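First the structure, in the form of C-alpha cells, and then the observations on it.
The values are calculated or read from the model by the stated rules, or taken from the named source; none is laboratory data. Predicted model, so just to flag it, every value in this text is computed and none were measured. Virtual Cβ from ideal backbone geometry, glycine too; neighbours counted across all protein chains shown.
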C-alpha cells in the first residue's frame, strides 16, 4: 500500500485538476479544516499552504485528520469488501463508540474475518481504526480551545492515562521496550493555553509543540529518523528545565528562555528562527519586516514558510509575527492562542501579571 509520494507541487496540481491517477494512492489533509480527502474530491480546493499529502488513509488519520463526508476516502476500499463496507458505515455513524469484538459479533460478522479484511485493505485492524477515529475526535475538541480532559472524554477514553497512552502509541515507544540505544525523552507540559509536548535529549530541547498541532505524530516520526533515535515518554532534566521556564513565562516572571535548543533546517530557515528570538517581548514584526531584518527583503514567502516550520513554540516566538496589515495570521497553534500569547506578553511588559 505504501509508495514514495511525488512532489507536493505535482500532487497539488493533481488535486486542482481532480486527476484520478492517484486515487487511492495519495490523500490530501486540509490544515484549516482538519479533514482529509481524495485528490478527486469535488469540494472547493484549499490553498497550497494549507495542504499536506499522505500515501494512506491511516497516515492521515494518525496525523489527526478525519475523513471527508463528501468524497468518502475510506469508501475506496469498502466498495470491494462487504465486511469492510458494513463496519465503516457503522464507524461513521458512531465515531465515538468504543468498539469490541463482541460488537462485531453482534452485527453477525466474524471478528477474525473483519480483522483480516481491514489489515489487508488498510494495514490496521478495524478496532485500531476505531481508536484512531476516536482520537481524531479528541484532537478536534482540543483544536477548538478546550482542555485535555474534554478531549479525552470526546475520544471516549475513561481515563486521562488511557488517552495519553493511546497518543504515546502513535508517536513514541514505551520506556519498558526501549533498547540500549540513543533515545529522546518526551513529556507533556500543561499550560494555561493547552498541553504541550516537549522532546529533548540529555542536553538540549528538540521540539515543543501544542498537542493539537496537525501532523504532530509525523513531525515526531521525522525527528526519530533524523536523529536515529527512539522517543520514550519520560521526563529528563532538560524537560524539567523548560517546564520551569514555561511556568515562569506564564506566571509573568520570566521573559527569556535559556534552555539549549537543537533546531534542524536549512541555513536560511535557521537564520529566520534566530531572528525570531531577537523580537522583544510585547512587540511584533511583519513577515516582510522579518525578511528585511535578515537581509532578504524579497523573500517574504520563504520567511513565512520558515516561520511555520518552527517546532519549538513560544521559546522561538513565531507568534510575534503578524500580517503586514496587523492581522493575526499563520499560527499552527491556532489564532486564539496567538492572540492570548500576545496579550499575555503585552500585560507582562506593563507589569500586570502576578499583581
I need the helices (runs of 4 or more DSSP H) fully contained in segment 228-298, keeping only those with at least 3 residues that are touching a strand residue (DSSP E or B) at 6+ places or on another chain (Cβ under 6 Å). 237-250
Look at residue 41 and say whether it is touching a strand residue (DSSP E or B) at 6+ places or on another chain (Cβ under 9 Å), assigned to a loop (DSSP other than H, G, I, E, B) and without any contact (Cβ under 8 Å) to a residue 60 or more places away in the chain. yes
On the basis of being modelled with pLDDT under 50 and in a helix (DSSP H, G or I), does residue 127 make the cut? no
Search result, residues across segment 203-218 that are at pLDDT 90 or above and touching a strand residue (DSSP E or B) at 6+ places or on another chain (Cβ under 9 Å): 204, 205, 206, 207, 208, 209
Any residue in segment 60-68 that is at pLDDT below 80, out of contact with any strand residue (DSSP E or B) (no Cβ under 6 Å at 6 or more places or on another chain), assigned to a helix (DSSP H, G or I) and under 30 Å from residue 22 (Cα atoms)? yes
Does segment 8-34 hold any residues that are at pLDDT 90 or above and under 18 Å from the mean Cα position of the chain (by Cα), and which are they? 27, 28, 29, 30
Determine which single condition residue 179 fails, assuming it passes every other condition in (1) surrounded by 17 or more Cβ atoms within 10 Å (Cβ to Cβ); (2) farther than 14 Å from residue 313 by Cα; (3) modelled with pLDDT under 80. (1)
Checking 27, 36, 53 in turn, the sole residue that is crowded, with 20+ Cβ neighbours inside 10 Å and within 24 Å of residue 303 (Cα to Cα) turns out to be 53
The one condition in (1) more than 18 Å from residue 17 (Cβ to Cβ); (2) assigned by TED's automatic domain parsing to the domain that holds residue 16; (3) in contact with a strand residue (DSSP E or B) (Cβ under 8 Å, 6 or more places away or on another chain) that residue 32 fails to fulfil: (3)
For segment 219-252, give me each residue that is touching a helix residue (DSSP H, G or I) at 6+ places or on another chain (Cβ under 7 Å), surrounded by fewer than 19 Cβ atoms within 10 Å (Cβ to Cβ) and either over 24 Å from residue 342 (Cα atoms) or at pLDDT 95 or above (or both). 230, 234
Of 314, 242, the only residue that is in the same structural domain as residue 195 (by TED's automatic domain parsing) and within 27 Å of residue 224 (Cβ to Cβ) is 242
Starting from segment 83-103, take each residue that is in contact (Cβ under 8 Å) with a residue 40 or more places away in the chain and not assigned by TED's automatic domain parsing to the domain that holds residue 134 and list its partners that are assigned to a loop (DSSP other than H, G, I, E, B) and crowded, with 17+ Cβ neighbours inside 10 Å, counting only C-beta distances under 7 angstrom and pairs at least six apart or across chains. none
Filter segment 305-330 down to the residues that are within 19 Å of residue 48 (Cβ to Cβ) and surrounded by fewer than 22 Cβ atoms within 10 Å (Cβ to Cβ), then identify the one that is modelled with the lowest pLDDT. 330
When you scan segment 325-343, how many residues do you find that are part of a helix (DSSP H, G or I) and under 14 Å from residue 285 (Cβ atoms)? 2
Within the set of pairs 6 or more residues apart or between chains, which connect a residue that is within 22 Å of residue 25 (Cβ to Cβ) inside segment 107-136 to a residue that is modelled with pLDDT of 85 or more and outside any helix (DSSP H, G or I) with Cβ atoms less than 6 Å apart? 118/125; 119/125
